[in-house]
1. Among 219, 214, which is the only one that is in a loop (DSSP other than H, G, I, E, B), out of contact with any helix residue (DSSP H, G or I) (no Cβ under 9 Å at 6 or more places or on another chain), free of Cβ contacts under 8 Å to residues at least 40 places away in the same chain and closer than 23 Å to residue 115 by Cα?
2. Report yes if residue 199 is in contact with a helix residue (DSSP H, G or I) (Cβ under 6 Å, 6 or more places away or on another chain) and modelled with pLDDT under 95, otherwise no.
3. If you take just the helices (runs of 4 or more DSSP H) that sit entirely in the stretch 1-88, which of them hold at least 2 residues that are modelled with pLDDT of 85 or more and either in contact with a helix residue (DSSP H, G or I) (Cβ under 9 Å, 6 or more places away or on another chain) or loosely packed, with under 13 Cβ neighbours inside 10 Å (or both)?
4. Inside the stretch 99-108, can you point out the residues that are within 13 Å of residue 197 (Cα to Cα) and in a helix (DSSP H, G or I)?
5. Considering each of 172, 193, 197, 102 in turn, give the residue that is over 17 Å from residue 67 (Cα atoms) and surrounded by 19 or more Cβ atoms within 10 Å (Cβ to Cβ).
6. Take the residues in the stretch 127-141 that are out of contact with any helix residue (DSSP H, G or I) (no Cβ under 9 Å at 6 or more places or on another chain) and at pLDDT 95 or above; name whichever of them is farthest from residue 113 (Cα to Cα).
7. Which pairs do you get when a residue that is at positive phi and in contact (Cβ under 8 Å) with a residue 60 or more places away in the chain, found in the stretch 64-93, comes within reach of a residue that is surrounded by fewer than 17 Cβ atoms within 10 Å (Cβ to Cβ) and in a strand (DSSP E or B), reach meaning Cβ atoms under 8 angstrom, with the pair 6+ apart or on two chains?
8. Being surrounded by fewer than 16 Cβ atoms within 10 Å (Cβ to Cβ) and either without any contact (Cβ under 8 Å) to a residue 40 or more places away in the chain or touching a strand residue (DSSP E or B) at 6+ places or on another chain (Cβ under 9 Å) (or both): is that true of residue 139 here?
């Protein structure tokens, strides 16, 4: 169990014991109410910590499935009404269309490398615990033996939904910031932002128009600066 969650649970159990103890004594109603409020707060914190871990695991699992072209497993992680948007390929709406898009990327075969490492999470769970937003960074290694070798970075701004206690991906939006030829690097080998797949049209055009490196683009933040409170324009 996560150490933070364990610490919160230990404190919560101790607080519950204290509420029971003083409720049977001569303490004032205000003191009992204050302890009960503290227990409620600790329970909420413990649940939020559990939700954080569940969402982080969900996104990491998605990355491992994508790496190995386990398209059905990856599609199963999405809500029925989810959306997916990657690079300039447009928007795909609904789990069935997301599954179709993933399968259109092709199977894993001899000489294929398709790593998408999910890194640097910033996760915010809604106060009611029913939804969440997160920003991620995916470091990519893509290649085909004897043909191409590329690396890149994508920043995700994703949304999640809690359905009957089970977290699912509600929105996956991958902004590719750079995609380059491995042997040339980013000073010479920039690759244009991928557009529509040849074998599959999207349900709608990209919701954000942008270009990958060498173009300058900062993917929009779902959160303000946690210290200054400054919000960033989309």
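1. Working: 219 fails: free of Cβ contacts under 8 Å to residues at least 40 places away in the same chain.
214 is the lone residue from the list that is in a loop (DSSP other than H, G, I, E, B), out of contact with any helix residue (DSSP H, G or I) (no Cβ under 9 Å at 6 or more places or on another chain), free of Cβ contacts under 8 Å to residues at least 40 places away in the same chain and closer than 23 Å to residue 115 by Cα.
2. Details: in contact with a helix residue (DSSP H, G or I) (Cβ under 6 Å, 6 or more places away or on another chain): yes; modelled with pLDDT under 95: yes.
The answer is yes for residue 199.
3. On the way: elements: 3-23, 29-67, 71-75.
Per the criteria, 29-67, 71-75.
4. Filtering the stretch 99-108 down to residues within 13 Å of residue 197 (Cα to Cα) leaves 100-106.
Residues satisfying the conditions are 100, 101, 102, 103, 104.
5. Working: 172 fails: over 17 Å from residue 67 (Cα atoms); 197 fails: surrounded by 19 or more Cβ atoms within 10 Å (Cβ to Cβ); 102 fails: over 17 Å from residue 67 (Cα atoms).
193 is the lone residue from the list that is over 17 Å from residue 67 (Cα atoms) and surrounded by 19 or more Cβ atoms within 10 Å (Cβ to Cβ).
6. For the stretch 127-141, the residue satisfying everything is 130.
7. Taking only residues 6 or more apart or on different chains, the pairs are 90/204.
8. Values: surrounded by fewer than 16 Cβ atoms within 10 Å (Cβ to Cβ): yes; either without any contact (Cβ under 8 Å) to a residue 40 or more places away in the chain or touching a strand residue (DSSP E or B) at 6+ places or on another chain (Cβ under 9 Å) (or both): yes.
For residue 139, the condition - surrounded by fewer than 16 Cβ atoms within 10 Å (Cβ to Cβ) and either without any contact (Cβ under 8 Å) to a residue 40 or more places away in the chain or touching a strand residue (DSSP E or B) at 6+ places or on another chain (Cβ under 9 Å) (or both) - is met.
The values are calculated or read from the model by the stated rules, or taken from the named source; none is laboratory data. These numbers come from a predicted model, not from an experiment. Neighbour counts run over all protein chains shown; Cβ positions are idealised from the backbone, glycine included.
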